[in-house]
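The values are calculated or read from the model by the stated rules, or taken from the named source; none is laboratory data. Just so it is clear, the structure is predicted and the values come from calculations on it, not from any experiment. Virtual Cβ from ideal backbone geometry, glycine too; neighbours counted across all protein chains shown. Just so you know, the surface numbers come from the protein's heavy atoms only, side chains and all, with ligands and any DNA or RNA stripped out. Shrake-Rupley method; radii C 1.70, N 1.55, O 1.52, S 1.80 Å.
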Amino acid sequence: MGMLRQWNYIADYVFKRQLGLFAIIGGLMSTVHFSGVYYSHDTPKWFIFDCFTSLYIFLFFFKKQRALKLSPLSGLVFTLVVLSVASLWWAPHTVAGLEFILRLFNASLLAYCLINSFSGRSLANLFITTAFWSALVFCLVFFLERYALQRPYNVGTFSPIGFINNAGHVFNIWIPCLLIFAFQHRHQKALFWSAIITLLLIVSILMEAGTRGTIIGLTLGELIIFALIARKSVKRALIFLSVTTLMLLGIGIYQFVDTNQSGRLSGKIAVFKNSISAAAGQRIQLFENTASMSREEFFGVGANNFEYIHPKYALPGTSQASPFINERQILRTPHNIILKLYSELGLIGGSVFVAFLSYIFFSALANAVRGEYIDKWLFVAVFATLFHSLFSAVFLTPASLFFSTILFATVIRRSGFSGFIEIPVRKPFATAFLLIPLLSGLLLFSEYFAFQGRQYFDKDLLEKSLVLNPQNDRALYNLSQVELRRQRDLEASLEALNRFVELYPYHIAGLFSKAERHYQLGQLDRAQNTLDKVLNFYPSYQKARRLQHEIQKRKLLARRTRGY
């Protein structure tokens, strides 16, 4: 009974202070990063996302509701989760798939909890306020790190959110929300000017990043709303050209700052983008190769397993190659959320996901047509987010998924959504969510030990990482290098590579290293079989051709020696 009273007290405390809680979590999701792991910006944010969503869902079902209210939309989400779980049966990397499933499930249930906890107006207020404080904190940290502390930055660490394009995933949502917040608080000078200044800074950062998907998505969404309102009143519609105006102001602010720094900002960004400009030009080819992959894999390659199978279909070394597929680089996503789901969950799973996104889009559009000015700006956010998801890894980064989840929940709630079938929820269901932070913590510490092991070339640290997560592919690959170069143990290096290739069956460098180890151990036939696999999808791989030639020479020499 004492434990129950404690949980009741915690639940009461949380649900009475949700506005502040979401603002704090939004600020953390927008700024936290930790240099002790490989993905220094995403990994700690995923841990925060997992912990917060799991605890919130647990408290909701523990305190507020003991039944799930289902609807056709719930059926789509449930079908998606079931198909994702089923795909683990044939997915090579089950831990990567499990991460995706748990986060999909948590995001869906977080949206469900919000929809059933708030009215449409209250949820919109929570969402818009969360976006304002998150954007404000983001700007403070961005300018503190960039100009006060003068920390070095690159494409991967462009902002507190991380990779240069990832900030745009969130700006799709923040910019319309800041406009709403400024309008709502136009009579409160401190909040109004805080929102306006934050808005201008966000747009300036967007101009510096040059994230085209965000700029085009917001502009097109705004123009759709402008066209809808202009039919009744052109004067009223003019306010919905705010984003276009802000883009022009943002260009001016960016040019002013850049001029004061003698062009250093634009020079740095140009250098950053040169490394990925060639890849951007291959985006259409990536889409075509992913579509081909989806046709070949009718049931998909497994939830969150695109990265591990796509090299087989990427045509590396040819003019039709997907970007970042070679012996030194990997491609983690097809930069199109629909193609990702079709390639991973097959025709059925991809179609279910398209139906879900279509429901969100048309709900937002219907709200915009018949609703208030808030609904019109929320449509701009939804349109920009969905548009950007066709060209970037939207929904696949923690900040993007967090804010998109609250955005979609707000749109659904304001559309008058309600469930009509109730399923009782037992205590074990709610309690099970407390295990997710534990699992997420294990993965976080596994990533920490893997990164430290790589940094210090330390076998013990890498083995600690693999105790926590036996499928940490990065730790396995680095362990193979440590066993080879520091321990001089070819057998142990090969064993680590065998485990790595089971998880990552078409990793070019991994397959070559495995073939090389077989060759060094005198296992020529096994070396040849491994090379045949990599050359089958990467026929122009010259290092593999040279090793193949060496194997043939040794085989010929062995035959001559036996004959002599």
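Data overview
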read-out	value
Residue identified as of a type in the set (Gly, Ala, Ser), assigned by the TED database to the domain that holds VAL77, out of contact with any His (no Cβ under 9 Å at 6 or more places or on another chain) and not in a helix (DSSP H, G or I) among SER358, SER363, SER319	SER319
Index of the failed condition, LYS63 passing every other in (1) open to solvent by 20 Å² or more (accessible area, probe 1.4 Å); (2) touching a residue at least 60 places away in the same chain (Cβ under 8 Å); (3) among the charged types (D, E, K, R)	(2)
Pairs where the first residue, in segment 45-56, is charged (D, E, K, R) and the second is not in a helix (DSSP H, G or I), C-beta under 6 Å, 6+ apart	LYS45/VAL32
Pairs, first among the hydrophobic types (A, V, I, L, M, F, W, C) in segment 482-503, second outside any helix (DSSP H, G or I), C-beta under 6 Å, six or more apart	VAL482/PHE457; LEU490/LEU521; LEU503/PRO92; LEU503/HIS93; LEU503/GLN471
Yes/no for ARG517 being basic (Lys, Arg) and touching a residue at least 12 places away in the same chain (Cβ under 8 Å)	yes
Looking only at segment 314-338, and only at residues there that are touching a residue at least 60 places away in the same chain (Cβ under 8 Å) and not hydrophobic (A, V, I, L, M, F, W, C), the one that is surrounded by the most Cβ atoms within 10 Å (Cβ to Cβ)	PRO316
Number of the condition not met by SER35 [criteria: (1) polar (S, T, N, Q); (2) under 24 Å from the mean Cα position of the chain (by Cα); (3) buried (at least 18 other Cβ atoms within 10 Å of the Cβ)]	(3)
The one condition in (1) open to solvent by 50 Å² or more (accessible area, probe 1.4 Å); (2) in the same structural domain as TYR519 (by the TED database) that LEU442 fails to fulfil	(2)
Unique match (being open to solvent by 60 Å² or more (accessible area, probe 1.4 Å) and either modelled with pLDDT of 90 or more or assigned to a loop (DSSP other than H, G, I, E, B) (or both)) among PHE287, PHE299	PHE299
Qualifying residue in segment 166-182 (condition: within 20 Å of the chain's Cα centre (by Cα), under 21 Å from VAL394 (Cβ atoms) and open to solvent by 10 Å² or more (accessible area, probe 1.4 Å))	yes
All positions within segment 529-547 that are over 9 Å from ILE508 (Cβ atoms) and surrounded by 23 or more Cβ atoms within 10 Å (Cβ to Cβ)	THR530, LEU531
Checklist (1) over 19 Å from the mean Cα position of the chain (by Cα); (2) under 28 Å from SER446 (Cα atoms); (3) surrounded by 18 or more Cβ atoms within 10 Å (Cβ to Cβ) applied to VAL82, failing item	(3)
Residue within segment 492-514 that is at positive phi and surrounded by fewer than 22 Cβ atoms within 10 Å (Cβ to Cβ) present	no
Residue check, ASN106 closer than 30 Å to PRO470 by Cα and crowded, with 21+ Cβ neighbours inside 10 Å	yes
Odd one out for ARG486, checked against (1) basic (Lys, Arg); (2) in contact with a Lys or Arg (Cβ under 8 Å, 6 or more places away or on another chain); (3) within 23 Å of TYR308 (Cα to Cα)	(3)
Criterion violated by GLY27 - all others in (1) of a type outside the set (D, E, K, R); (2) in contact with a helix residue (DSSP H, G or I) (Cβ under 7 Å, 6 or more places away or on another chain); (3) assigned to a loop (DSSP other than H, G, I, E, B) satisfied	(3)
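Quick grid of which residues meet (1) surrounded by fewer than 19 Cβ atoms within 10 Å (Cβ to Cβ); (2) among the aliphatic types (A, V, I, L, M); (3) closer than 23 Å to ILE224 by Cβ; (4) out of contact with any Gly (no Cβ under 9 Å at 6 or more places or on another chain):
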{"position": "LYS340", "(1), (2), (3), (4)": "no, no, no, no"}
{"position": "PHE361", "(1), (2), (3), (4)": "yes, no, yes, yes"}
{"position": "ALA368", "(1), (2), (3), (4)": "no, yes, yes, yes"}
{"position": "PHE391", "(1), (2), (3), (4)": "no, no, yes, no"}
{"position": "SER400", "(1), (2), (3), (4)": "no, no, yes, yes"}
{"position": "SER404", "(1), (2), (3), (4)": "no, no, yes, yes"}
